[in-house]
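The values are calculated or read from the model by the stated rules, or taken from the named source; none is laboratory data. Note that the coordinates shown come from a computational prediction; the quantities given were computed from them, not determined experimentally. Please note: Cβ atoms are built from the backbone with ideal geometry, for glycine as well, and neighbour counts cover all protein chains shown. For accessibility, only protein heavy atoms count, side chains too; no ligands or nucleic acids. Shrake-Rupley method; radii C 1.70, N 1.55, O 1.52, S 1.80 Å.
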Amino acid sequence: MSMYKAFASPVRIVSGEGSIQEVPSIVESFEAKRIMVFADPGVVEAGIVQKLEDQLAGAGLEYKIYSELVPEPALEVGNKALQTLRDFNADFVIGIGGGSSLDIAKAVAVLSKNDGNVEDYLNLTGQKELKEKGIPKVLIPTTSGTGAEVTDISVFSLEDTKDAITNVKLLADAAVVDPELTYTLPPHITASTGVDALTHAVESFVSVNATPLTEALAFDAIQRISANIRTAVWNGKDIQARQNMAWGSMVAGLSFYNAGVGGVHALAYPLGGLFKIPHGVSNAALLPYIFDHIWPSSIDKMARMAQALDVNTEHLNKREAAIAAVNELKNIVDEVGIPSTLDQFGIEEKDIETLAQNAIKQTRLLAPSPKPYTLDDIRGRYKAAFHGEFKYI
Ligand SMILES: [Fe+2]
């Protein structure tokens, strides 16, 4: 691997209220004729996909909607979507929905022109290499959370953990971030996806692979998300809060895609795999406990994080400010209404060993952590999150 830093992103990012209107011109720029839309069933039901359909139909474009998708999808969900796309002989893919829908859309758009199935290309266990670029794709998020619209990561649930396809070919040709699509998101989804976005921002901010560019994006995301997440959750009609969350989530996505995440995501993956806890919720339940552990490795950055979190640091030294930042992360999770200990998810203490054995395998996620993890550290973090115990706050 090169020692130099690179920054990658979708070719185009279109954002702002009403930006879904740009989709037809993007489709037309690829001269696409057979469009397949991968849509979250909940988003179809909520009438949000209709906004996309209106745009496509208004431009005289023909399309087919596929919505046999679920959150935290298993391999079979991806393979069925892939087969449908191949059978339809599509020349363009649109993904619309939460992270899972976008993940499947980007994966199948590429896999449709490569041999084999989803499992052949997984990071941990796959044996094949993607040779073909696949067909063009546009990704449209309907939550402010995963950042999936700007990354090349496609995550799947296995029996007891998760694995992902990550390849630059999966990057969208265009991401369309229209905050209007998030205005009706219910509080609990606004909360869990919003904390996921905050986690992307704070983990990438302290990542060993951070650059001035990713740090600037992460700092902006931490500011916007921390200042707006409570309002967006409890008063979803506040348009300014929704717009800040949409922008914050997208730039947090750009930051973590390039700088990586860390221990929160690594320990959250087995919670999603084993206990089917939604990604954002499992991140939220771990976030303060991980930062309670890693802050001494990154005191300067944690003190700056305190400023981004709008913590009053006037009479605090850097060490105190760093700890105050950890405390504020805990406050946010508590105040958006997410359970703050693992025992509230039906997890038992005896499960910690299995969780830890799985988490230590998530090397892609653990590598950017500013404080390296031993297996014992990981056990300790699950225990802390189970009992609600902190070392410093
Ligand atoms: Fe995430």
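Among the candidates Arg381, Arg304, which residue alone is open to solvent by less than 30 Å² (accessible area, probe 1.4 Å), modelled with pLDDT of 95 or more and charged (D, E, K, R)?
Values: Arg304 fails: open to solvent by less than 30 Å² (accessible area, probe 1.4 Å).
The conditions single out Arg381.
Within the range 125-152, the residues that satisfy the criterion of being within 16 Å of the ligand (Cβ to nearest atom) and modelled with pLDDT under 95 are Gly145, Thr146. Assessment of the range 66-82 against the conditions (hydroxyl-bearing (Ser, Thr, Tyr), at pLDDT 95 or above and either away from the ligand (no atom under 16 Å from the Cβ) or part of a helix (DSSP H, G or I) (or both)) yields at least one matching residue.
Suppose the filter is at pLDDT below 95 and farther than 30 Å from Pro187 by Cα; does Lys361 pass it?
Yes, satisfied.
With respect to the conditions (1) within 14 Å of the ligand (Cβ to nearest atom); (2) at pLDDT below 95; (3) assigned to a helix (DSSP H, G or I), Gly253 lacks only one, and its number is (2). With respect to (1) open to solvent by less than 10 Å² (accessible area, probe 1.4 Å); (2) outside any helix (DSSP H, G or I), the lone exception for Lys106 is condition (2). Looking at the structure I just gave you, is Val202 farther than 12 Å from Val336 by Cα, among the hydrophobic types (A, V, I, L, M, F, W, C), within 16 Å of the ligand (Cβ to nearest atom) and buried (at least 17 other Cβ atoms within 10 Å of the Cβ)? Here the answer is yes, as Val202 does meet what is asked. Residue count for the range 256-301 under the criterion of being away from the ligand (no atom under 11 Å from the Cβ), part of a helix (DSSP H, G or I) and modelled with pLDDT under 95: the result is 5.
More than 16 Å from the ligand (Cβ to nearest atom), surrounded by fewer than 24 Cβ atoms within 10 Å (Cβ to Cβ) and without any contact (Cβ under 8 Å) to a residue 12 or more places away in the chain: does that describe Ala216?
The answer is yes for Ala216.
Kindly establish whether Asp178 is open to solvent by 10 Å² or more (accessible area, probe 1.4 Å) and under 19 Å from Ser15 (Cα atoms). So Asp178 fails the test.
Among the numbered conditions (1) assigned to a helix (DSSP H, G or I); (2) open to solvent by less than 10 Å² (accessible area, probe 1.4 Å); (3) within 16 Å of the ligand (Cβ to nearest atom), the only one that Ile165 does not meet is (1).
For (1) open to solvent by 10 Å² or more (accessible area, probe 1.4 Å); (2) in contact (Cβ under 8 Å) with a residue 12 or more places away in the chain; (3) farther than 28 Å from Gln344 by Cα; (4) not aliphatic (A, V, I, L, M), each residue gets a yes or a no:
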residue: Trp234; (1), (2), (3), (4): yes, yes, no, yes
residue: Lys237; (1), (2), (3), (4): yes, yes, yes, yes
residue: Val251; (1), (2), (3), (4): no, yes, yes, no
residue: Gly262; (1), (2), (3), (4): no, yes, no, yes
residue: Ala268; (1), (2), (3), (4): no, yes, no, no
residue: His279; (1), (2), (3), (4): yes, yes, no, yes
residue: Asn283; (1), (2), (3), (4): no, yes, no, yes
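Would you mind stating whether Ile239 is more than 16 Å from the ligand (Cβ to nearest atom), of a type in the set (Val, Ile, Thr), modelled with pLDDT of 95 or more and within 24 Å of Val150 (Cα to Cα)? When the stated conditions are applied, Ile239 passes them. So for the range 90-97 (the condition being in a loop (DSSP other than H, G, I, E, B), within 25 Å of the chain's Cα centre (by Cα) and of a type outside the set (A, V, I, L, M)), does at least one residue qualify? Looking for residues that are in a loop (DSSP other than H, G, I, E, B), within 25 Å of the chain's Cα centre (by Cα) and of a type outside the set (A, V, I, L, M), one finds none in the range 90-97, hence no.
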